[in-house]
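A.B. asks: This is the structure I want to talk about, given as structure tokens.
The values are calculated or read from the model by the stated rules, or taken from the named source; none is laboratory data. Computed from a predicted model, the values in this text were never measured in an experiment. Counting neighbours? That spans all protein chains shown, and the Cβs are built from the backbone with ideal geometry, glycine included.
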2 protein chains.
Amino acid sequence: MALLTYPLADKGDRPLYLYLYECVRDDIVNKKIAPGDKLPSKRVMAGHLNVSLNTVAAAYEMLATEGYIISNERSGYFAQDVSDFAKRHAPRQKYENIEENSREYFCDFKANRQGVQHFPMDAWSRCMKQASLQGENVLVTVPYNGLLKLRTTIARHLKESRDMDVSPANIIIGAGTEYLYGRLLQLLGHDAVIAMEDPGYRKLAAISGSAGNECRYIPIDDKGLRVDMLHESRANVVHVSPANHFPTGITMPIARREELFGWVNEAEDRYIIEDDYDSEFRFSGQLILPMYTKDVKQRVIYINTFSKTLVPSIRISFMVLPPALMERYVQTMNFYSCTVSSFEQYALAEFIEEGYFIRHINRTRKRLREQHDCILRELKSCPLADIADITEHNAGTHFLLSVRTEMSRQQIAERAEEQDLNLSFYSDYTVFAQAGGVCELVINYAGIDTEKIPEVVRRLCWVFETGKEI
Amino acid sequence: MALLTYPLADKGDRPLYLYLYECVRDDIVNKKIAPGDKLPSKRVMAGHLNVSLNTVAAAYEMLATEGYIISNERSGYFAQDVSDFAKRHAPRQKYENIEENSREYFCDFKANRQGVQHFPMDAWSRCMKQASLQGENVLVTVPYNGLLKLRTTIARHLKESRDMDVSPANIIIGAGTEYLYGRLLQLLGHDAVIAMEDPGYRKLAAISGSAGNECRYIPIDDKGLRVDMLHESRANVVHVSPANHFPTGITMPIARREELFGWVNEAEDRYIIEDDYDSEFRFSGQLILPMYTKDVKQRVIYINTFSKTLVPSIRISFMVLPPALMERYVQTMNFYSCTVSSFEQYALAEFIEEGYFIRHINRTRKRLREQHDCILRELKSCPLADIADITEHNAGTHFLLSVRTEMSRQQIAERAEEQDLNLSFYSDYTVFAQAGGVCELVINYAGIDTEKIPEVVRRLCWVFETGKEI
């Protein structure tokens, strides 16, 4: 092999050793230097190229590290056969997913959320801009439990809106309620048995299941979760949404709450997870203060989200842990970095402090009440009224519609599909069997704009064969 | 009890039934209506106030639901005693946390990250602004695995920078690497036994432990993870960072990678997690293509993060799953919402597409090289050089410094503290015992600005008692 010569002037702004490394590497890959060829010694190469010995040594070291050459003690450096590695490129199979152009319906009763067009984007953008003006403050790593500024703002908001006494130190901010449930289950341990309302928030069962926790479904009655059946369940943690049960909208009355406190105070390892989700949208506001405010023995874990009140694409939720759990979290789980970017935490703090949040809530509640009144009026005056009952608790975003019909669920769903409606069946939220002869629907009306309501109701009538003549 | 009279004109924009509800509720709370008092019948009340029967019925129903009144069949409505509930407010204990004013050092060798002042905030703000101009597009819920636009951009970037063939459908975006590990462990199941490099990324052990997965520590040699010991470990999943091992900076050579493929292809349930973290910052770029590109049997899970290359407060990481795992994810875990806000996903896609990302990487690499050259120069010419060896692999952000000393670790740490230095000990990253007589330090230099380096080295010399005369 002829002595290697490289145009060192072409090295650009790379250090010399790197450039030399690349030249030799390329020659080995292109077989200009054949497998097995001996390379010039470092000293010879350095003299030949008129560079320092260190430069050659650094280049050779890199080549050896990566396997392009091997160094045999005393006898020198030899090129390796890298053709296999350099050329063989695994043909990667692809997972062929149906991408997310999810079906758009004329009316989607499953979409339990307000239309995104109502989000105060200008105000939010202003707050984001404020965040970026924070300079380096917004770039440094936030604490594991969230930005102090946001936790302080949330604590103040909870005091003002719900009379809750919360220390920012007890708040943990995370990217969505599901994420926080995951952490919480980990904190409570694999042995924790989780009770949940039936019907209720089904995703919690899925999360608990995949975390390896046992679940128990506890039926509800017209006052919410049946505490008598909770006693029998051997669960030690219960998830409830006392302010606004989904999908019934029931507010748990005071007496039932007291019963629940009775249960939790019976054993040391029991906890109540109070999910206050969407309670901002109750027409009558927060009627009964959260259970958290009456939690003498510090057994209530309060959880809420901004993804519902603002817009689902902003992933910010929080939980308030009782002191003992918070201490355990700090000791065993504070290595988990906060999952929400600091930009959005700053922006949200600003959004709340500047009053945009409260204004948005008030505006939304007003709009929801109009939608609510309109859809109830239409439903009560349409042919469907003769065979349907409405169960309604001023929940602000949904109510129940029970239609007396012998049609099967499948028939109903198919007819709805023809009308471009996506129905939400109560039975999807419950594990216990429903009575026959009735089709119970969850009417999530938050996403149905008022002007569409008459047509939506007309189509619903058609689905249940009461509207043929319209 | 006198017949209740309320100033209905004061109701504001509330519906009448709500206003009536509030009036009666307040009277019950304030004992104007005493516990046990019978309320007027709905009909009497309606007549008295000159409102519709429905209005009174709705108000009474809410009062009953919430427990302020009870309805006895036929005999009427009675006020309840709610003083207990209305007044008793649990004094909430607080978890007294030491808030996050974490200690600032003159030099923090543990902070394995570049200074936030180098982040191109203007470019990022422009991209965030672009995102908010997307209007409703940026507000709708993103798919469980991330915004398609960002996944497409990442796939293109991986092709261009690393010759990886990746389908956007196989990418899952999440709020940080820790989050994705959590999901991944869930996907692999509790029975998966996770092998990891020793020394290596300790947080993975903590995450695996809290997920209930067994861990095995596999020693490394100068070529990276010892595959022979991996065979003996009975692990079925191995985590490696072949491009840039932390903290040694070793790049796994081709032959060792082939050995690792040999291991993974031996059994159906084996997987390699290829953590490509920080590989962008190697001075010589991506020298060997990722193992992913040679993964004939589709057993490599590729994972990387933008939180390291950009700034730790932006929480965006991603993983590329092999088809079989992706399918399982879709079937069993796609109910988990994406944890990254869509604003930041749009902004990052824009940031990459507009070339800001590559420019930032190149600029950072250049700066790191200067810091690297400067600190090596200073170390090699200082008194410490007589008792210290440097192990260096062009990792771009760190190298090892072994100091021959009989001082104990505690002595060293205390002396460093006096000099306002936070040292990073190699032994913190390994479970296997270190030889005595040597103190091995990890020199993370990414955060040490060049002008500070001479003083930092002077202080280091003092710590090891070699610099008294300076």
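A.B. asks: Within segment A:305-353, take every residue that is over 19 Å from A:Lys129 (Cα atoms), among the polar types (S, T, N, Q) and in contact (Cβ under 8 Å) with a residue 60 or more places away in the chain and give me the one that is nearest to the other protein chains (Cβ to nearest Cβ).
C.D. replies: If we take residues in segment A:305-353 being over 19 Å from A:Lys129 (Cα atoms), among the polar types (S, T, N, Q) and in contact (Cβ under 8 Å) with a residue 60 or more places away in the chain, then A:Thr339 is nearest to the other protein chains (Cβ to nearest Cβ).
A.B. asks: In addition: Inspect all residues belonging to segment B:172-193 and state whether any of them is surrounded by 22 or more Cβ atoms within 10 Å (Cβ to Cβ) and touching a His at 6+ places or on another chain (Cβ under 8 Å).
C.D. replies: no
A.B. asks: Hey, B:Arg328 hits all of (1) at negative phi; (2) in contact with a helix residue (DSSP H, G or I) (Cβ under 7 Å, 6 or more places away or on another chain); (3) in a loop (DSSP other than H, G, I, E, B) but one; which does it fall short on?
C.D. replies: Unmet for B:Arg328, out of (1) at negative phi; (2) in contact with a helix residue (DSSP H, G or I) (Cβ under 7 Å, 6 or more places away or on another chain); (3) in a loop (DSSP other than H, G, I, E, B): (3).
A.B. asks: Could you check, for segment A:262-275, whether at least one of its residues is within 25 Å of the chain's Cα centre (by Cα), among the small types (Gly, Ala, Ser) and more than 14 Å from chain B (Cβ to nearest Cβ)?
C.D. replies: As a first pass, look at segment A:262-275 and keep what is within 25 Å of the chain's Cα centre (by Cα): A:271-275.
Subsequent filtering for residues that are among the small types (Gly, Ala, Ser) retains none.
No, segment A:262-275 has no match at all.
A.B. asks: Another one. State the number of residues belonging to segment A:132-161 that are crowded, with 22+ Cβ neighbours inside 10 Å, more than 7 Å from every other protein chain (Cβ to nearest Cβ) and in a helix (DSSP H, G or I).
C.D. replies: Residues flagged as crowded, with 22+ Cβ neighbours inside 10 Å, more than 7 Å from every other protein chain (Cβ to nearest Cβ) and in a helix (DSSP H, G or I) within segment A:132-161 amount to 4.
A.B. asks: A:Leu20 passes all but one of (1) assigned to a loop (DSSP other than H, G, I, E, B); (2) surrounded by 15 or more Cβ atoms within 10 Å (Cβ to Cβ); which number fails?
C.D. replies: Of (1) assigned to a loop (DSSP other than H, G, I, E, B); (2) surrounded by 15 or more Cβ atoms within 10 Å (Cβ to Cβ), only one is false for A:Leu20: (1).
A.B. asks: Can you tell me which residue within segment A:385-405, out of those that are out of contact with any strand residue (DSSP E or B) (no Cβ under 7 Å at 6 or more places or on another chain) and at pLDDT 90 or above, is surrounded by the fewest Cβ atoms within 10 Å (Cβ to Cβ)?
C.D. replies: Among those that are out of contact with any strand residue (DSSP E or B) (no Cβ under 7 Å at 6 or more places or on another chain) and at pLDDT 90 or above, it is A:Asp386.
A.B. asks: Could you please let me know if A:Ala206 is within 15 Å of the chain's Cα centre (by Cα) and either in a strand (DSSP E or B) or at pLDDT below 95 (or both)?
C.D. replies: So A:Ala206 passes the test.
A.B. asks: Hey, can you tell me all the residues within segment A:417-437 that are without any contact (Cβ under 8 Å) to a residue 60 or more places away in the chain and of a type in the set (A, V, I, L, M)?
C.D. replies: The first filter runs over segment A:417-437 and keeps only residues without any contact (Cβ under 8 Å) to a residue 60 or more places away in the chain, leaving A:417-418, A:425, A:427, A:433-437.
Of everything in segment A:417-437, those that are without any contact (Cβ under 8 Å) to a residue 60 or more places away in the chain and of a type in the set (A, V, I, L, M) turn out to be A:Ala433, A:Ala435.
A.B. asks: If I ask for residues that are closer than 20 Å to B:Asp295 by Cα, more than 22 Å from the chain's Cα centre (by Cα) and hydrophobic (A, V, I, L, M, F, W, C), which ones from segment B:161-192 would you list?
C.D. replies: B:Met164, B:Val166, B:Ala169
A.B. asks: With respect to A:Ala255, is the statement that it is modelled with pLDDT under 90 and under 26 Å from the mean Cα position of the chain (by Cα) true? It would help to see each step written out before you state the result.
C.D. replies: Details: modelled with pLDDT under 90: yes; under 26 Å from the mean Cα position of the chain (by Cα): no.
So A:Ala255 fails the test.
A.B. asks: Separate question: With the checklist (1) farther than 30 Å from A:Val457 by Cβ; (2) away from chain B (no Cβ under 11 Å); (3) surrounded by fewer than 21 Cβ atoms within 10 Å (Cβ to Cβ) in hand, flag the one item A:Leu379 doesn't pass.
C.D. replies: Here A:Leu379 meets the rest and fails (1).
A.B. asks: How many residues does segment A:242-276 hold that are acidic (Asp, Glu) and assigned to a helix (DSSP H, G or I)?
C.D. replies: 2
A.B. asks: Out of all the residues in segment B:39-50, is one or more under 28 Å from A:Lys366 (Cβ atoms), free of Cβ contacts under 8 Å to residues at least 40 places away in the same chain, within 14 Å of another protein chain (Cβ to nearest Cβ) and not in a loop (DSSP other than H, G, I, E, B)?
C.D. replies: No: zero hits.
A.B. asks: Looking at A:Leu158, A:Leu139, A:Leu147, can you tell me which residue is of a type in the set (A, V, I, L, M), within 21 Å of the chain's Cα centre (by Cα) and at pLDDT below 95?
C.D. replies: On inspection, the qualifying residue turns out to be A:Leu147.
A.B. asks: For segment B:188-203, enumerate the residues that are under 24 Å from A:Leu180 (Cβ atoms) and more than 9 Å from every other protein chain (Cβ to nearest Cβ).
C.D. replies: Narrowing segment B:188-203 to residues under 24 Å from A:Leu180 (Cβ atoms): B:188-190, B:203.
Hits for segment B:188-203 are B:Leu188, B:Gly189.
A.B. asks: Moving on to the next point. Could you run through segment A:277-325 and say how many residues are of a type in the set (A, V, I, L, M, F, W, C) and in a loop (DSSP other than H, G, I, E, B)?
C.D. replies: 10
A.B. asks: If I filter segment A:110-123 for residues that are in contact with a Phe, Trp or Tyr (Cβ under 7 Å, 6 or more places away or on another chain) and either at the interface with another protein chain (Cβ under 7 Å from one of its Cβ atoms) or surrounded by fewer than 22 Cβ atoms within 10 Å (Cβ to Cβ) (or both), do I get at least one hit?
C.D. replies: There is at least one residue in segment A:110-123 that is in contact with a Phe, Trp or Tyr (Cβ under 7 Å, 6 or more places away or on another chain) and either at the interface with another protein chain (Cβ under 7 Å from one of its Cβ atoms) or surrounded by fewer than 22 Cβ atoms within 10 Å (Cβ to Cβ) (or both).
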